[in-house]
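The values are calculated or read from the model by the stated rules, or taken from the named source; none is laboratory data. On a predicted model such as this, the values are computed, not experimentally measured, just so you know. Here the Cβ positions follow ideal geometry from the backbone for every residue, glycine too, while neighbour counts run over all protein chains shown. In case anyone asks, the SASA skips ligands and DNA or RNA and just uses the protein heavy atoms, side chains included. Shrake-Rupley method; radii C 1.70, N 1.55, O 1.52, S 1.80 Å.
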Amino acid sequence: MNAYEIVLKSREKGRPTALKYIGKIVDGFIELHGDRRFADDRAVIGGIGYIGGRPVTVIGIEKGSDTNGKIEHNFGCAHPEGYRKAVRLMKQAEKFHRPVLCFVDTSGAYCGIGAEERGQSEAIASSIIEMIRLKTPTLSIIIGEGGSGGALGLSAADEVWITETSTYSVISPEGCASILWKDSAKVAEASECLKLTAEDLLRLGAVEKVVKENGFNDEFYERLGRDIAAFFAEKSEVPAESLVEARYARFRKF
Amino acid sequence: MKFEDIKKFFFKKPKNALEGSEENTSERIPEAGEPAVIPDKLAEKCENCGQIILSDEMAENFGVCPKCGHYKKMPPRARIAMCAENFAELFAEEEGGNVLQFPGYDEKLAALREKTGEKEGVICGTGEIGGVSCALFAMDYRFVMGSMGHAVGEKITKTFEYATEKKLPVVGFVLSGGARMQEGIVSLMQMAKTSAAVAKHGEAGLLYIAVLTDPTTGGVSASFAFEADVIMAEKGALIGFAGPRVIEQTIRQKLPEGFQRAEFVQKKGFADIIVERKEMKEKLAALLKMHCAEVSA
Ligand SMILES: [Zn+2]
């Protein structure tokens, strides 16, 4: 597949969303709602459950699977409240020494009047700065679209993994083509130039691991669940200060 | 005040290039106007009201139009000259490169360097404001509208790391249309890198004042711009996550007058202080003194 085909694949109808991963990988998930300030943003799902027998805080950007779901979850475009809910749950995880797992799948944070009025910039900035200094193990997995700052808000983690037909980019190829070349037809070219595929991202050091998808069969979720459990088992042995320092170095290299 | 300094930086024209030429405006965030500078340097046309203003008068007024009050964008060295004494530049050697081999980007960078006489879109260093030593950074609208790629992120990160080591407050003059898209994911990672450095500086108990100037949007707004202890916003500055045109396209309606302007941002609770340009130095000095001077009761 070329880069543009991967872009299309990452947005494909029927692709598993965060809730599907949570259902398959997390045992006894209890969802926790709301940012305690304004609202419960359904574009961001959060809660606690078990992975490999260990309680983990799980946060996911959910796009919705059918029409009603897409509307409920605002197509995975979070408002400031989504990021503020995520920060609340991360700080809660830190307090109880639970690892944090994020599933990232968004074309970007929502652009709109309410989002601006309620400080979308501040919400994402706070999410990045809180997550990057969190004193507990963190892992983010990009499972579809990793769209710009809206994705980074939940990806300032110890490691970032990506499934093989997902993307992670500073701008959509459509946006890039239209701003840079004033030609939205050059989307395929922009997709190549942006180096947004899993393979490119691994080479650039933006992700640590590319997860084979195998058509998203049961074996895929079992293997991913085992890998996540092993990752948290290893990181839970590391002192929190060392985790934070290693995370600093991870992002400092860019 | 060092009007001569400010004037010099306002009108500094390296070689045969003018600010606001076609090339400079070709691919930046389209909302912001580019100053129209008349090359003889004696007079210029206000980009807002169109009146001809003597350049000396404009510089003495810190780039605020004496006829209509419009704020012209300030190049970073003029901004620093306006607010700080004894500026000593740091990390001047830092320059970005074409990390993704993005087509046309090498040429673009070379042209911008030629045009501005600067290597990249931010100037960093140390100086004194009201007698208080601090680390400073000021972003450059002439460099793809202050967009953040590796070099900009690296210089700002180094400024915070330096300030942490030397126990200095940081004053940052923020101006950015967002990410440097030709640097792709590397550009996005600068948001995390700078945020981590801001966090460390803050954990050391040190003060960071961000002065958000026109425009502060996109990735920069969603990282170090809004991570400061005190957020100042220059009068009238456009401040937001998404640019107004993107929002209008998304919601298919016209935005209300004053939307995302500094005054709106303050009203919504996201900016501490709105400052006029002429009082900026004084306000910064007062805040720095409250945090950094010895208490003598
Ligand atoms: Zn005017």
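A few comments on the model shown:
- Residues (of a type in the set (D, E) and within 16 Å of the ligand (Cβ to nearest atom)) located in region B:60-106: B:E60
- Residue satisfying all of: in region B:202-214; crowded, with 24+ Cβ neighbours inside 10 Å and within 11 Å of chain A (Cβ to nearest Cβ); farthest from A:A190 (Cα to Cα) among these: B:A210
- In the condition set (1) touching a Leu at 6+ places or on another chain (Cβ under 9 Å); (2) assigned to a strand (DSSP E or B); (3) surrounded by 23 or more Cβ atoms within 10 Å (Cβ to Cβ), A:D105 is compliant with all but (1).
- Residues in region B:151-163 that are touching a strand residue (DSSP E or B) at 6+ places or on another chain (Cβ under 9 Å) and either surrounded by fewer than 22 Cβ atoms within 10 Å (Cβ to Cβ) or more than 13 Å from chain A (Cβ to nearest Cβ) (or both): B:K155, B:K158, B:T159, B:Y162, B:A163.
- Conditions (1) under 19 Å from the mean Cα position of the chain (by Cα); (2) over 15 Å from A:F254 (Cα atoms); (3) open to solvent by less than 10 Å² (accessible area, probe 1.4 Å); number of the one not met by B:T194: (2)
- Residue count for region A:122-165, restricted to those that are outside any helix (DSSP H, G or I), more than 11 Å from the chain's Cα centre (by Cα) and at the interface with another protein chain (Cβ under 8 Å from one of its Cβ atoms): 1.
- Residue check, B:A199 at the interface with another protein chain (Cβ under 8 Å from one of its Cβ atoms) and surrounded by fewer than 23 Cβ atoms within 10 Å (Cβ to Cβ): yes
- Scanning region B:93-124 for residues that are among the polar types (S, T, N, Q) and on the phi > 0 side of the Ramachandran plot yields a single hit, B:Q101.
- Selection within region A:6-16: residues that are in contact with a Ser or Thr (Cβ under 8 Å, 6 or more places away or on another chain) and open to solvent by less than 60 Å² (accessible area, probe 1.4 Å). The member of this set that is nearest to A:V104 (Cα to Cα) is A:S10.
- Only one of the numbered conditions (1) open to solvent by 60 Å² or more (accessible area, probe 1.4 Å); (2) touching a helix residue (DSSP H, G or I) at 6+ places or on another chain (Cβ under 8 Å); (3) within 11 Å of chain B (Cβ to nearest Cβ) is violated by A:V207, and that is (1).
- Test: residue in region B:89-99 that is more than 26 Å from A:Y248 (Cα to Cα) and modelled with pLDDT of 95 or more: no
- Sole residue being in the same structural domain as B:M189 (by TED's automatic domain parsing), under 20 Å from B:K200 (Cα atoms) and either surrounded by fewer than 23 Cβ atoms within 10 Å (Cβ to Cβ) or more than 16 Å from the chain's Cα centre (by Cα) (or both), chosen from B:C134, B:C124: B:C134
- Residue in region B:11-21 that is more than 16 Å from the ligand (Cβ to nearest atom) and modelled with pLDDT of 55 or more present: yes
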